[in-house]
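What follows is one structure encoded as C-alpha cells, with my remarks underneath.
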Amino acid sequence: MKTKLLTSDELAEAAKLLSGSSLVGIPTETVYGLGANGLNPVAVGAIFEAKGRPQDNPLILHIPEVSWLARYCQEIPETAYRLAERFWPGPLTMILKCKERTPEELEELRSGPVCSYSHFGPRVIPDEVTAGLDTVGMRCPAHPLCRAVIQAAGVPIAAPSGNTSGKPSPTTAAHMLADMDGKIPAILDGGPCAVGVESTIVDLTCTPPRLLRPGGVTLEQLREVLGEVEVDPAVTRQMEAGEKPRAPGMKYRHYAPKAPVIVVKGDPAQAAAYIRSHVSHTRWDGVICFEEFVPLFAEEERPVLSLGPAADTAEQARRVFDALRTMDGTDVKRIWAQCPDDSGIGFAVSNRLDKAAGFQIVEV
Ligand code: TXA
Ligand code: MG
C-alpha cells in the first residue's frame, strides 16, 4: 500500500476513508494521531496492528465539540463541563464513565439489520477502543483541520499518537510517514504541531481527580478549576513489577530512541557542566541541551541538538520528540539530555524525557 499525503484541500477524501474502516494520519495541536472510526471495531483493531500496540492499552476518542460528550459517556460530573468550558477545544483528555446500553437498546440492536461493523457490546463504544474498561478518554482537539475532518466524517475518531509503539510521537506529517509508510492509506498534513507533546490526561472518575499524564494543559491550570488534583505515581517514577498505573499505557517503555538516554536535571548551567564533564569525546555520545549551552558541546563531531532556550518550556515541548527522533538518524550509542523543572508545560517535557530514559536520571 502506498501512503498518500493529503493536503487540506483533500479533507473530504480523508473524511471518507475515516467514516469507513480505513486508518488515516490526522494532525492535532499536540501530536499526529493514527485515526479510525471509533464506532467500528474492525477499523479500531487495525490501529493496534499498524502501531504494534499492546491490546490492553485503550485509545482515546476525539470529538469535534463538547455536545458529543453525552452520546458516549454517562454520569458526567459537572467538573467535566467546567474543564471543557475552559480548555476545550484543546490539549486535554478527560477519563469519564462509558455510556452503557439499556437491555431494551441491546435487544433492539440485536434484532435489527446487521452492518459490516455492528458491535453489540453492553457499552456504546466498542471494547476495542476502551480495552474492555468501563471508562473512556474523551478529547476535543483544537487543530482546525482535525475538527473539520471529524465533523465531515460524522463519527468520533479513536486515535493514539501516530508513532510505532514505543517510539517518540510524531509532530510532523514527515515523522508520521517515517513510521507508517506503506501501512496506512493516507496522512492528512496539517503542518507541524503547535504544542508538541500529547494531551494532558485527567481521570474524573475518582476523587480527587487524578493527573495520569502531564501535557499541554498544565497541572497548575487544572488545579485552578478542580482544586485538589493528585498526580498518578506512574508520571514520576518507574512502575514496579505487578504495579498497575491508572493509564495502562504508562507502564510501557515509551518515547525511546534506539540509544539509551540519560536525563540530567537541576540548575541549567550546572547540568550542562555535568554533561560536559561526563560526555565522551567521540561521536558516539549525543547531547540534547538548552540553546544557551550548544557552544559548550559543539567543538567536536558529536551530534548536538538544541531543545530551545532554558526558559522557554513551550519551545522545548515543540522540539523534544523531534530531537529524540533526530538522534535515531545518527549512530550515537548514548544520549545525554538536559531537562526543565516540573513547572508549567515543563512537567510534560520532563515526563517524556524521563520515560525516554527509562527513568535513568541524574540530579545535579
Ligand atoms: O494528544 C493526544 O492525546 C494524542 C493525540 C493524537 O490526540 N493521543 C495520544 O494517544 O497520545 P495515546 O494512545 O498515544 O495515549 C493515550 C493514553 C495511553 O497511555 C492510554 O493508556 C491512556 O491514554 N488511556 C486511554 N483510555 C484510558 C482510560 N479509559 N483510562 C485510563 N487511561 C486511558
Ligand atoms: Mg502514544
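Points worth noting:
- Solvent-accessible area, 1.4 Å probe, carbon plus sulfur percent, for the chain: 53
- Using the Cβ-Cβ distance between residue 253 and residue 110 with R0 set to 41 Å, the FRET efficiency from 1/(1 + (r/R0)^6) comes to roughly 0.50.
- Full extension of the chain segment joining residue 131 with residue 363 gains 79.8 nm, where the gain is 0.36 nm per residue of separation less the Cα-Cα distance.
- Per-residue accessible area (protein heavy atoms, 1.4 Å probe) orders 322, 285 as 322, 285, starting from the largest.
- Förster radius 51 Å - calculated FRET efficiency between residue 100 and residue 273, Cβ distance, rounded to 0.05: 0.35
- Computed accessible area, residue 334, all protein chains, 1.4 angstrom probe, square angstrom: 80
- For the chain, the solvent-accessible area of protein heavy atoms averages 40 Å² per residue (probe radius 1.4 Å; ligands and nucleic acids excluded).
- Sequence-separation-based contact order of the range 218-364, relative, with Cα cut under 8 Å and 6+ spacing, percent: 33
- Rh by Kirkwood over Cα pairs, then Stokes-Einstein D for the range 202-259 at 0.890 mPa s and 25 °C, µm²/s: 195
- If R0 is taken as 35 Å, the Cβ-Cβ distance between residue 301 and residue 238 corresponds to a FRET efficiency of 0.55.
- Cα-based shape type of the range 288-359, given that a ≥ b ≥ c are square roots of the gyration tensor eigenvalues and the cut on a/c is 1.5: oblate
- Per-residue accessible area (protein heavy atoms, 1.4 Å probe) orders 254, 278 as 278, 254, starting from the largest.
- Burial ranking of peptide ranges 39-47, 128-136 (average Cβ count within 10 Å, highest at the top): 39-47, 128-136
- For the chain, the relative contact order comes to 20 percent (Cα pairs under 8 Å, sequence separation of at least 6).
- Rounded if a/c under 1.5, otherwise prolate or oblate - the range 1-143, Cα gyration tensor axes: oblate
- Long-range Cα-Cα pairs in the range 119-225 (distance over 15 Å), rounded percent: 73
- Summed over qualifying helices (DSSP H, 4 residues or more, each -39500 (n - 2.57)) and divided by its residue number, the chain shows a 222 nm mean residue ellipticity of -9000 deg cm²/dmol.
- Proximal aspartates and glutamates to residue 51, defined as alpha-carbon separation beneath 13 angstrom and excluding residues fewer than eight positions away on the same chain: 179, 181
- Reduced Cα scattering model of the chain, Debye log10 I(q)/I(0), q = 0.13, 0.14 Å⁻¹: -1.01, -1.15
The values are calculated or read from the model by the stated rules, or taken from the named source; none is laboratory data. From a predicted model like this one, the values you see are computed outputs, not experimental measurements. Neighbour counts run over all protein chains shown; Cβ positions are idealised from the backbone, glycine included. Keep in mind that these areas ignore ligands, DNA and RNA; they rest on the heavy atoms of the full protein, side chains included. Shrake-Rupley method; radii C 1.70, N 1.55, O 1.52, S 1.80 Å.
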